[in-house]
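Readers should treat all values here as calculations from the given coordinates under stated rules, not as data from a laboratory. Small disclaimer: the values here were computed from a predicted structure and weren't measured. Cβ placement follows ideal geometry from the backbone for every residue including glycine, while neighbour counts extend to all protein chains displayed.
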C-alpha cells in the first residue's frame, strides 16, 4: 500500500478545503455575522493539516497506484473530507454536537441535502455559504478534484475515475483523463455561473443566488430557509426547475451540448428516457393534484418543480398542496429510487442501469422460449459487456440490501417502519429532504433523530454517492487478505 | 476492350470466362498457378501467375494499356491496394470488389475516386438486396428494374396448371389486350428460347417478362400466381449476405437468423436490432422446427455450404414454407436446384459479373443483369446518334438470332417494341441477348 500517496492526496484535498473556506470567511467578515473567528480557525487547521499531510507525511510519494490504492484513496477522501468539513460547524458553534456537524457535512459532500439545521435563515451567512460549497465540491466528485489537480497520476487517475464513476462506462471527453475531467469541471462551473447570474437577475440577493445555485447544480438540496423555497418568486422557481432538470443529465452530454459539439451528440436513450419520465411523471402528478381539488396552474407549476427535484435527486421543495394524492406519493417514491442519468451529479440507481437490466430481463424471458437464442444487451446501439450487466445486478441487489438494512437500523432506533424506509431510500438516493416524507406524516426534521439513526443515514448517503462498490471494496475480506 | 482481372478464385474465373465470350482481351492475374493453367486451357485468354499488389506483376500484365481493371479477390484491402496501384499505372477504370458495405456510402465515394478506385462492388450486399426484393415481390423468382423502375423484368415460373400453359404468345396478347408486357425469353430445361408469336407456353417454363412496373398485378392474374405476404422469415447462415438481408428486412418482418459459430452469433446479435439470433446448426431440422420453421413464410439458405442451403430449402418447402431462396455457389447446380423446386437461386459470381458487365459493353450501357439459369443477359442501352437503328422501324432491323428488344423507354415514357416502332436517338432499349450476339446488339444501337 502506497500510504505516502494516500496521505499526499488527502493533504491536497484539505488544502482545497482551506482555500474554499476563504469565501465563507470573506462573507462573514463582510456581514459581520460573528462566524469569522470560527471559520478562520477552521481554515488554519485545514491548512496546517493539509501541509502536514502533503509536504511532510506524503513527501516523496511515488505516483504509482494500483486498484487497491485507488479504492483506498476514494474511501479515505470520502470519509476524511466530510469529517474535516464538519469542523467549521463546530468551531462557529452553529451545531453543538459532533454527530450533528458530521451529519450536516456528510449530507453536503454527498449532495444529499438532509439538514439538521433547524432555521437556516438564522445561521451566520458564512456558514450558510460553506454548507452550499460542500455540496458543490461533492457534486462532481471529490476524486475528480484530485484527478484534475494531480496531473502526474496519469495511469492511476483512470482507476480513480473508474472507482468513483462506476456507473457511466462511456467514452471519455478527451484522450487524457485529466483533460476530460477538467472539461467536466469547466462545464460544471459554467452552468453554476450562468445559474447564479440568472437567479440574481430574477431579483434574489447575491448570497441567496450563490447558495441556491451551488445546491441546484450539484443536486444537493440544502435550502436557505426553514420551510423550503416557498418564499421565492415564481420566476426563481421556474429557473430552478430548468436547472434541476439539467443537473440530472450526464455531464459529458451537457459538455457536448453546450460547447456545440453537435456531431458527438448521438442517440442517447438514457436522456430520452429521462426526459420522457420527467414529462410523464410531471403531467400525471399535475392531473392528480388538480383532480384532488388544487388549482390547475398551481398543480402544473408544483408538479414540474417537484418532479424535477425528485428525479434529479436535488431535494428542493416548496409549500405545496396540502393534500397529497396517493399517486403522487407513489411516483415520488419510485422516481427517488430510479434517480438521474449516469454520469450526472444526481443520485439514485441511475436510469442507465435500470435500462440495462430491463433489456437483460426481456432477453432472459425470450430465452425461455428460444433456448438457443444469442443475445446482447445494447444501449444506444452499443453492446454492454456481460460482466458489466452482472455488476449492475450486484449493484441493485446491494442497493436494496442497504435500504432494507438502513430501514432496519432506523426502525431499531425508534422510527416507524414506513418512515424508516422513506428515510433510508431518500438518503441512499442522495435526495435528502422530500415533501413525500412530510406527506407520510413524519416531520421532516433530521435534528430530532437519535445519533444511531444519524450515523446510519450518513452511511447510506455515502454508499449512495459512491455507488456502493468503492465503499464495499475496502471492507471486503479479500481486499485485506491480499494486502501486501 | 483490354481487361485485366485480378482474382484468387471462382469469381475471377467466372468473370474471365464470360467476358471472353463477349470478345474482349482478357488478362487474368492470380496467385494460383494450377487454376490459371486450367483456365488457360479452357479459355482464350492470357494468364499471369503472381501477386496483384506487385507493381512488376501489374507491369507484366500491361496495365498501362488496360481499359478496365477488375480486382475481385476475396480480401477487400488487397483489392483496394491493387486498384490504387493500377490507377497510378494508368489503368483507365478500376473496379474493386469489397466486403464492407460501409465503403459504398455516397459520402465516401469521392475519397475512393481520388485514391484511384473508380467503382466498388459488394457482391454480398447486392445478393442481400436481391433477397430483399424477392421477398417484397413474392411471385417473381427474380426481377430487375430498368431506368429507375420505369421498366421491370420479371422472371416467373409457370406452374402446370397456369392458365397460360398451352397457349401461344400471340393468343396471350389476343386474350388479354390490356396486358402491356413482352415475353422476352423462355427457359425450358436449360435451353433459352427467344419466343416468336407462335411459341407455346409450357408448364415448368421460366418466363422472362418485361413490362411496366404497374403491370405486376396483371401479370400475376394472367399467369395465375398469387402474391404472398411475408410476415416471418428464417435465415440460415449469418455470413455477410445473411447479415445484410436481416438488416434490411428486420424492420418489415420478423426474422430468425441461425448461425453455427457462437462468436459470430454474438457479433450478429450486437449488430442487429430486432432479429432473433439463434446459435445452432442449420442442418439440424429439429432446431429449425423448434424455432418455428413451419410458421415462417420464407426460408433463406445462405450458409457457406451450397448443399446445406439447397437441402434446407427443400425441407422448408416440404414443411409448407411458401418462399425459398438458396445461395448456390456452384453455377452447375443452379439449373437443377430450380428444377427440384427451390424458388430462387442466388449466386454471388453471377451477381458480380452482372454488375461489372455494365462497365464493359461498349456504347452506353446503363445497367445490365446476368440471369441465373440461363447464360443470357439483359442489358439497357442508349440509342446513339449515328445508330443504324434510328433509320428503320424495329421490325426491319437486323436483329440477330438469340436476341430480342424487350422494351423501350423514351423520356419518362415506356413503349412496347411493336414491329412498327421507330427508335429515336436517346431512347433506352432493354435488350435480351445471348452472349455470342451481345456485342452485335450493342453495336447496332451504338
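Numbers for the structure displayed
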| item | result |
| --- | --- |
| Average partner coverage of B:288-295, which counts Cβ from other chains inside 10 Å | 1 |
| The range A:281-331 versus the range B:189-245: alpha-carbon centroid distance in Å | 62 Å |
| Relative frequency of Cα-Cα separations exceeding 39 Å in chain B, percent | 23 percent |
| Contact order relative to length of chain A, as percent, for alpha carbon pairs under 8 angstrom and 6 or more apart | 17 percent |
| For the range B:383-445: relative contact order, % (alpha-carbon pairs under 8 angstrom, 6 or more apart) | 45 percent |
| Listed residues B:322, B:392, B:129, most fluctuating in chain B (Gaussian network, C-alpha, under 10 Å) | B:392 |
| Helical mean residue ellipticity (222 nm; -39500 (n - 2.57) per DSSP H run of 4+; nearest 500) of chain B | -10000 deg cm²/dmol |
| Pair-distance profile P(r), taking every C-alpha pair of the protein assembly as shown, with 20 angstrom steps and integer % | 12, 32, 23, 21, 11, 1 |
| Average projection area in nm² (convex hull over Cα atoms of chain A, one quarter of hull surface) | 23.7 nm² |
| Residue A:380 paired with residue A:260, simple spin-label distance in nm, labels 7 Å along Cα-to-beta-carbon | 2.2 nm |
| Rg ratio (alpha-carbon, reference 2.2 N^0.38 Å) - the range B:144-223 | 1.02 |
| Whole-Å distance, taken between Cα centres, linking the range A:169-222 and the range B:285-334 | 60 Å |
| In range of the label at residue B:397: residues from the range B:8-28 whose backbone nitrogen is under 14 Å from the point 7 Å along Cα→Cβ | none |
| Inter-probe distance in nm under a simple model that places probes 7 Å from Cα toward Cβ, at residue A:56 and residue B:114 | 6.4 nm |
| Contour minus Cα-Cα distance for residue A:418 and residue A:118 (0.36 nm per residue) | 105.7 nm |
| Förster radius 41 Å - calculated FRET efficiency between residue A:37 and residue A:1, Cβ distance, rounded to 0.05 | 0.60 |
| Stokes-Einstein D (µm²/s) once Rh is taken as the Kirkwood radius of the range B:383-445 over alpha-carbon pairs, at 25 °C in 0.890 mPa s | 210 µm²/s |
| Efficiency of FRET between residue B:41 and residue B:196 - r from beta-carbon atoms, R0 51 angstrom, step 0.05 | 0.85 |
| Proxy reagent accessibility, fewest Cβ within 10 Å first, across B:173, A:189 | A:189, B:173 |
| Among B:44, B:161, B:343, residue whose mean-square fluctuation peaks in a GNM of chain B (springs only between Cα atoms under 10 Å) | B:161 |
| Spin-label proximity, residue B:65 to the range B:27-46 - amide N less than 17 Å from point 7 Å beyond Cα toward beta carbon | B:27-29, B:45-46 |
| Approximate spin-label separation residue B:159-residue A:234, in nm, with each point projected 7 Å along Cα-to-Cβ | 7.2 nm |
| Mean ellipticity per residue at 222 nm, deg cm²/dmol - from DSSP H runs of n ≥ 4 across chain A, formula -39500 (n - 2.57) | -21000 deg cm²/dmol |
| Chain B, relative contact order in percent, only Cα pairs under 8 angstrom and at least six apart counted | 11 percent |
| Rg over Rh, two decimals, the range B:2-121 (C-alpha only, Kirkwood Rh) | 0.96 |
| Shielding of A:373-380 by partner chains, average beta-carbon count, 10 Å | 6 |
| Choice from B:115, B:85, B:434 showing the highest fluctuation, given a GNM over chain B with Cα pairs closer than 10 Å | B:115 |
| Computed FRET value (nearest 0.05) for residue B:218 with residue B:188, which takes r as the C-beta separation and R₀ as 25 Å | 0.60 |
| Distance between the range B:86-124 and the range A:40-56 - C-alpha centres, whole angstrom | 67 Å |
| Value of Rg/Rh across the range B:59-110 [Cα atoms, Kirkwood radius] | 1.00 |
